[in-house]
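Notes follow the structure.
Coordinate-derived values only; no laboratory data. The model shown is predicted, which means the values in this text are computed figures rather than measured ones. Counting neighbours? That spans all protein chains shown, and the Cβs are built from the backbone with ideal geometry, glycine included.
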Amino acid sequence: MAQFTLPDLPFDPKSLEPNLSAETFSYHHGKHHKAYVDMLNKLITEQHQKFESLSLEEVIKESHAQKIAPIFNNSAQIWNHTFYWDSMTPNFKDPSNALAKKIDKDFGGLDALKSELKTAATTQFGSGWAWLVVDKKTGKLEVSKTPNAETPLTDESKKPVLTIDVWEHAYYIDYRNKRPDYVDTFLNKIVNWEFAAENAKEYL
Ligand code: MN3
């Protein structure tokens, strides 16, 4: 049973060129993201049928709590990638007034936030993700990073707002080993602040 399906990219894969190439998306979405979907469906169908009626977010949280690594890794990677596609746009705009004010308040300005995100993205050793999240208790925006498939979705006190994939497969075709250049381009040319504002709207 194919429980989960690969979502379409929210933009034409050529539309982010030259910042990220259609070739990158053909691998990253068409092969890597698809492989996580295919593997999760196979694992649930063949070995872990108790996850069959759950939503993707429920599968992530349950498999994390029960420490079922193959289910967690594949389900979290499906969710993280879908969230990552939405974190970029071919129609780059600066943050809206409400989000800009919030960024000023919590970080002292957009440049300071971008610098924190760049540090998180470039200091994540090996594979992983850099995140902008809201702490639900304080209502403040925060920057964090996670290794491998780990996701703030499993932390009930955080709400994900934006992410940057820093696995090598995200940038190697276009940037080779230059992760900092990919992160600079992401933050200055393709990041989707409208998506971030939507995710953080109840805290703005
Ligand atoms: Mn990836």
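When only Cα pairs below 8 angstrom with a gap of at least 6 residues are kept, the chain shows a relative contact order of 23 percent. When shorter helices are ignored and each DSSP H run of at least 4 residues is given -39500 (n - 2.57), the per-residue value for the chain at 222 nm works out to -13000 deg cm²/dmol.
For Trp129, the residues whose amide H sits under 5 Å from its own are Thr146, Asn148, Val166, ignoring neighbours fewer than 5 places away on the same chain, with H placed 1.01 Å from N. Projecting the Cα positions of Leu204, His29, Phe107 onto the charge dipole of the chain (unit charges on Cβ atoms of Lys, Arg, Asp and Glu, taken about the Cα centre) puts Phe107 furthest along the positive direction. Kindly provide the pair-distance distribution of the stretch 1-60 built from C-alpha pairs, with 5 Å bins from 0 and whole-percent values in order of increasing distance. Once binned at 5 Å, the Cα pair distances of the stretch 1-60 give 4, 17, 23, 18, 12, 11, 9, 5, 1.
Suppose a student asked you for the relative contact order of the stretch 33-123, using Cα pairs under 8 Å spaced at least 6 residues apart; what percent would you report? Before the final figure, lay out the partial values.
Working: 44 pairs, mean separation 20.9, N = 91.
That works out to 23 percent.
Partners of Lys102 within straight-line reach, counting lysines whose Cα lies under 25 Å from its Cα and excluding those fewer than 8 residues away in the same chain: Lys93, Lys114, Lys118, Lys136, Lys137, Lys140, Lys145, Lys158, Lys159, Lys189, Lys201. Can you compute the FRET efficiency between Glu194 and Gln49 using 1/(1 + (r/R0)^6), with r the Cβ-Cβ distance and R0 = 30 Å? Round to the nearest 0.05. E between Glu194 and Gln49, to the nearest 0.05, is 0.15.
For Asp94 and Ile173, what is the calculated FRET efficiency with R₀ set at 22 Å and r taken between the beta-carbons, to the nearest 0.05?
On the way: r = 28 Å, r/R0 = 1.27.
My answer for the efficiency is 0.20.
Around the amide H of Val161, modelled in the peptide plane, lie the amide H atoms of Leu132, Val133, Val134, all under 5 Å away and 5 or more residues distant in sequence or on another chain. This model, with +1 at the C-beta of Lys and Arg and -1 at the C-beta of Asp and Glu, gives the chain a dipole about its Cα centre of some 340 debye.
Listed by Cβ neighbour count within 10 Å, with the fewest neighbours leading, Ser87, Ser15 appear as Ser15, Ser87. The tail of the calculated P(r) for the chain beyond 31 Å holds 18 percent of all Cα-Cα pairs.
Please state, as a whole number in µm²/s, the translational diffusion coefficient that the Stokes-Einstein equation yields for the stretch 1-119 at 37 °C and 0.692 mPa s, with Rh defined as the Kirkwood radius across alpha carbon pairs. Don't skip to the answer; put the middle values down first.
Working: Rh = 16.6 Å.
Using the Kirkwood radius from Cα pairs, D works out to 198 µm²/s.
List the chymotrypsin sites (Phe, Trp or Tyr not before Pro) within the stretch 38-113 that fall in a DSSP loop (any state other than H, G, I, E or B) and whose Cβ has at most 16 other Cβ atoms within 10 Å. Write down the numbers at each step before the final one.
Working: sites: Phe51, Phe72, Trp79, Phe83, Tyr84, Trp85, Phe92, Phe107; in loops: Phe92.
Here the chymotrypsin sites (Phe, Trp or Tyr not before Pro) that fit, given the DSSP loop and packing criteria, are Phe92.
Toward the positive end of the charge dipole of the chain, with +1 on the Cβ of Lys and Arg and -1 on the Cβ of Asp and Glu, the farthest Cα among Pro180, Thr89, Leu6 is that of Pro180.
Taking neighbour Cβ counts within 10 Å as the exposure measure, how do Met39, Met88 sort from fewest upward? Write out the running numbers ahead of the final one.
Numbers: Met39 17, Met88 24.
So the residues, fewest neighbours to most, are Met39, Met88.
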